[in-house]
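Structure record follows, encoded as structure tokens.
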Amino acid sequence: IGCGRGEWLGLLNDLDITAIGIDTNPVQIADVQDMGLDARHGDARSALSEAKDSSFACITAHHLIEHLPFEEVLWIAREAMRVLAPGGLLLFETPNVRNVLVGATSFHNDPTHLHPMTDPVLNVLFETVGFHPIETRQLHPHEKLAEFMAKPGFDPELANLMFGAQDLAILGHKPLQGA
């Protein structure tokens with residue numbers, strides 16, 4: 001969902017994994033289609049509403065949820081529970097606003113960002129919807145993290161707050177039947 005320029009679709013294609021991308025931007029969809037990838041113009045609500053129960057192994061949304069009202073993010077998570085097969089995976093990746101530089105600066109450089117989504121909020125959302133297990137991954141530390149971690153006397157917690165993970169991913173599995 002929100003396939004954008006198609007990087008993720010391209011990686012999946014390179015690994016011979018069948019994938020469909022959905023995006024609201026017709027220019028990006030055309031570019032992704034020109035790369036020979038299966039990208040379709042549409043939005044998350046339409047794509048998921050039209051999907052059959054238990055019909056997907058995985059649903060991913062990289063840097064999408066921060067552009068949506070929370071009610072829409074909740075709807076996507078609930079609908080993903082319906083359309084994922086047992087054992088299926090829902091993945092949301094979003095800017096990590098617990099990183100001070102991201103939260104204070106880069107998050108706000110995109111005027112279409114509506115709300116930061118923190119890992120505690122997303123974990124509660126996934127748990128409430130029924131995903132289990134749920135995993136949080138801290139991604140893409142700033143290039144200066146190692147430099148500051150190596151400085152004698154520099155607090156590692158402060159280094160991580162400033163230069164740690166710039167993105168986070170929440171992964172939730174739809175429980176297996178009877179598990």
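Points to keep in mind about this one:
- From phi via Karplus (6.51, -1.76, 1.60), per-residue ³J(HN,Hα) for the stretch 2-12 in Hz, x at Gly/Pro: x, 6, x, 7, x, 4, 5, 4, x, 4, 4
- Within the accessible area of the stretch 1-73 (1.4 Å probe), percent carbon and sulfur: 53
- Each part gets one Cα centre, and for the stretch 1-49 versus the stretch 143-179 those centres are 28 Å apart.
- Only one residue of M149, T136, A39 has its Cα farthest out toward the positive end of the dipole of the chain, where Lys and Arg carry +1 and Asp and Glu -1 on Cβ, and that residue is T136.
- Amide H to amide H distances under 5 Å link G164 with H142, where only residues 5 or more positions off or on other chains count and H is placed in the peptide plane.
- For F56, nonlocal amide neighbours, meaning residues 5 or more places apart or on other chains whose placed amide H falls under 5 Å from its own, are L84, A85.
- Proximity of backbone amide H atoms, modeled 1.01 Å from N, is registered between R40 and G21, I22, D23 at under 5 Å, excluding neighbours fewer than 5 places apart on the same chain.
- When you work out D = kT/(6 pi eta Rh) for the stretch 43-145 at 10 °C and 1.306 mPa s, using the Kirkwood radius from C-alpha pairs as Rh and the Stokes-Einstein form, the result is 109 µm²/s.
- Contact order, relative form, for the chain: 21 percent (alpha carbon pairs under 8 Å, 6 or more residues apart, mean separation divided by residue count).
- Once Rg and the Kirkwood radius are both taken over the C-alpha atoms of the stretch 33-81, their ratio Rg/Rh works out to 0.98.
- Accessible solvent surface per residue of the stretch 43-107, calculated while the other protein chains remain in place, 1.4 angstrom probe, Å²: 43
- Charge-dipole axis of the chain as Lys and Arg at +1 and Asp and Glu at -1 on Cβ define it, positive-most pick from I22, L171, G103: L171
- Candidate values (1) 30, 20, 16; (2) 23, 19, 16; (3) 30, 17, 14, label of the one derived for semi-axes √(5λ) of the Cα gyration tensor in Å: (1)
- Candidates per trypsin sites (Lys or Arg not before Pro) in the stretch 67-164, loop by DSSP, up to 16 other Cβ within 10 Å: K144
- Considering the stretch 91-179 at the alpha-carbon level, its Rg and Dmax are found to be 15.6, 53 Å.
The values are calculated or read from the model by the stated rules, or taken from the named source; none is laboratory data. Source: prediction; values computed, not measured. Here the Cβ is made from the backbone with ideal geometry for all residues, glycine too, and neighbour counts use every protein chain on show. For accessibility, only protein heavy atoms count, side chains too; no ligands or nucleic acids. Shrake-Rupley method; radii C 1.70, N 1.55, O 1.52, S 1.80 Å.
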